[in-house]
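In what follows, a structure is listed as structure tokens, so that the remarks can point back to it.
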């Protein structure tokens, strides 16, 4: 441990590993959804945009689209 009791590199590395594991989990779950690929891609893009703070809901969906229950 670094002098003064803090190990910033260790915490940064742990944070990166946790973020990678979380991203892989989300990708795996989305991949297993029973919906068309275009919907999966839109969902993943919405997740990315949400984390960046740039998400804007679409006003229109593809014809025939219905939310799954």
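Scanning region 3-32 for residues that are exposed (fewer than 11 other Cβ atoms within 10 Å of the Cβ), at pLDDT below 90 and part of a loop (DSSP other than H, G, I, E, B), we see that the one that is nearest to the chain's Cα centre (by Cα) is 6. Going residue by residue through region 53-68, is there one that turns out to be at pLDDT 95 or above, surrounded by 10 or more Cβ atoms within 10 Å (Cβ to Cβ) and assigned to a loop (DSSP other than H, G, I, E, B)? So far as region 53-68 goes, no, none of its residues is at pLDDT 95 or above, surrounded by 10 or more Cβ atoms within 10 Å (Cβ to Cβ) and assigned to a loop (DSSP other than H, G, I, E, B).
Is there a residue in region 33-46 that is exposed (fewer than 10 other Cβ atoms within 10 Å of the Cβ), at pLDDT 95 or above and more than 10 Å from the chain's Cα centre (by Cα)? Yes, because at least one residue in region 33-46 is exposed (fewer than 10 other Cβ atoms within 10 Å of the Cβ), at pLDDT 95 or above and more than 10 Å from the chain's Cα centre (by Cα). Summed over region 23-43, residues that are free of Cβ contacts under 8 Å to residues at least 24 places away in the same chain and out of contact with any helix residue (DSSP H, G or I) (no Cβ under 8 Å at 6 or more places or on another chain) total 10.
The values are calculated or read from the model by the stated rules, or taken from the named source; none is laboratory data. Please read these numbers as outputs of a predicted model, since none were measured by experiment. Note that each Cβ is placed from the backbone with ideal geometry, even for glycine, and that neighbours are counted across all protein chains shown.
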